[in-house]
1. Looking at GLU109 and the list (1) among the acidic types (Asp, Glu); (2) modelled with pLDDT of 85 or more; (3) surrounded by fewer than 17 Cβ atoms within 10 Å (Cβ to Cβ), which single condition is not satisfied?
2. Got at least one residue in the range 7-30 being at pLDDT 85 or above and within 17 Å of LEU168 (Cα to Cα)?
3. Can you tell me which residue in the range 383-408 is modelled with the highest pLDDT, limited to those that are more than 26 Å from the chain's Cα centre (by Cα) and among the aliphatic types (A, V, I, L, M)?
4. Restricting attention to the range 128-150, which residues are crowded, with 18+ Cβ neighbours inside 10 Å and of a type in the set (Ser, Thr, Tyr)?
5. Return the total of residues in the range 30-72 being of a type in the set (S, T, N, Q) and touching a residue at least 60 places away in the same chain (Cβ under 8 Å).
6. Just give me the residues in the range 151-176 being assigned to a loop (DSSP other than H, G, I, E, B) and either among the aliphatic types (A, V, I, L, M) or buried (at least 17 other Cβ atoms within 10 Å of the Cβ) (or both), in sequence order.
7. Identify, from the list PHE167, PHE96, the residue that is of a type in the set (Phe, Trp, Tyr) and closer than 20 Å to ALA59 by Cα.
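The values are calculated or read from the model by the stated rules, or taken from the named source; none is laboratory data. Everything quoted here is computed from the prediction, not taken from an experiment. Because the Cβ atoms are built from the backbone with ideal geometry, glycine has one as well, and the counts that use them run over all protein chains shown.
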Amino acid sequence: MPRWPCVLVSLLAFGAPATHAQSVERTHQRACDNGEIADCVLLGLIYETGAGAREPDVARAIPLYQRACDVGLPAGCTRLALAQQTPPSTSREEGFVRVGYIADAETGEPIAEAVVEVPRLGLRVLTDEAGRVDLGSLPRGRHLVTAGRLGYERVEGELPVPWERDFLMLLGRVEPSEEDTHGAIYGRVVEDGTSRELAYVDITLAAESPVQLVTGPDGRFSLGGLEPGAVDITFALIGYEARTTTLQIRPGETLEVRATLSTQPIELEPIVVVVGSGYLQRTGFYRRTRNSIGYQLTRSQLDGIDPIIMSDVLLRVPGVNVMQTRRGAVPVTARLETALGQGDCRLRPYLDGMAMFEWDFDSVRPDDVEAIEVYHGASAPIEYQRLMDPDGHYPCGVILIWTTRGGR
């Protein structure tokens, strides 16, 4: 039978016609009656959550779960056990607290550790083992909500507030891309005590298929397409003590490595390994970090700054100032002031690859930022160079902002 895409009957209860919700319910009812056991589980979910424009009815859902469990469908047994438990208590606060459930669109199996977001509010919550998510008290209005997890499609819908009932989102399975199934490493090697970048350091990965590479003139290196699992990495350079550590490569993750080498056989600080972002890998951030003339900040560096607003970050970047206007904070540079005779010249911000015009830079929360890149003048990557902005001004460079939500 055809599957309902995206946010199935869950969001029908958010304002869609009752006749449509009833049609979805009848479709699953007919399929269940005809022996499609997975549809019995999905029908039970409709009853249990009240997503089909009706009051929640756990008693009506349990026999459907029991039927699926009796014929050996794991999702039926899982749902049966969850339905027979006492549900977690949640203060509804007259419909302002929104609670939902994320499940597999084919089987009804709960999806744990799915990422549920309300982008406008900067809210990001993971589901528990029962696929349940508590978004807490939301402000009045209609809010876009998204849900996704590795191996599943990302879906979205609209949450009205206040609303008394739970919501249900069903995610269809998808084949993960090669970028999602492999890991990557990038980083730099410096001299202990001076932080001077070390060029041409030999790096060896003692994996099943050994890999060798060297750092560039700036001490940086990167390597992608790595099979998940434990791998020993060794850094060696003539005149320095070699170092070896073990890294755990995970699917879809990029590890940021900062290694120090010493000319003396002394005890060194551990090699610092930070889980990077597969999203940044896809956007070319790590490649530009290695090859571009610019200024980059990663999430770990932002945590060290602990900024309150984004302007706090920019004021630490060489050659960048922040100008306050009626529309908010605008990043500018004074580097070309003498040549152009026009005072501070604006830097064009890009948010997750999209150019932002007449935009308050401080509207982004620092906690939502995965990385920042700053380029002055002709050093900007070619794909972000513009002769003139639509407002008739010439930018003097670009600021690329990559958010944690951009890669979801």
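1. Result: GLU109 fails condition (3) only.
2. No, because not a single residue in the range 7-30 is at pLDDT 85 or above and within 17 Å of LEU168 (Cα to Cα).
3. Among them, the one singled out is MET388.
4. Going residue by residue through the range 128-150, those that are crowded, with 18+ Cβ neighbours inside 10 Å are 130-133, 135, 138, 143, 145-149.
THR146, the sole residue that qualifies.
5. 1
6. TRP163, ARG165, ASP166, VAL174
7. Checking each option against the conditions leaves just PHE167.
Per-residue answers, yes or no, for (1) of a type outside the set (D, E, K, R); (2) under 26 Å from ARG405 (Cβ atoms):
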{"residue": "ALA147", "(1), (2)": "yes, yes"}
{"residue": "TYR152", "(1), (2)": "yes, yes"}
{"residue": "PHE221", "(1), (2)": "yes, no"}
{"residue": "GLU227", "(1), (2)": "no, no"}
{"residue": "ALA236", "(1), (2)": "yes, no"}
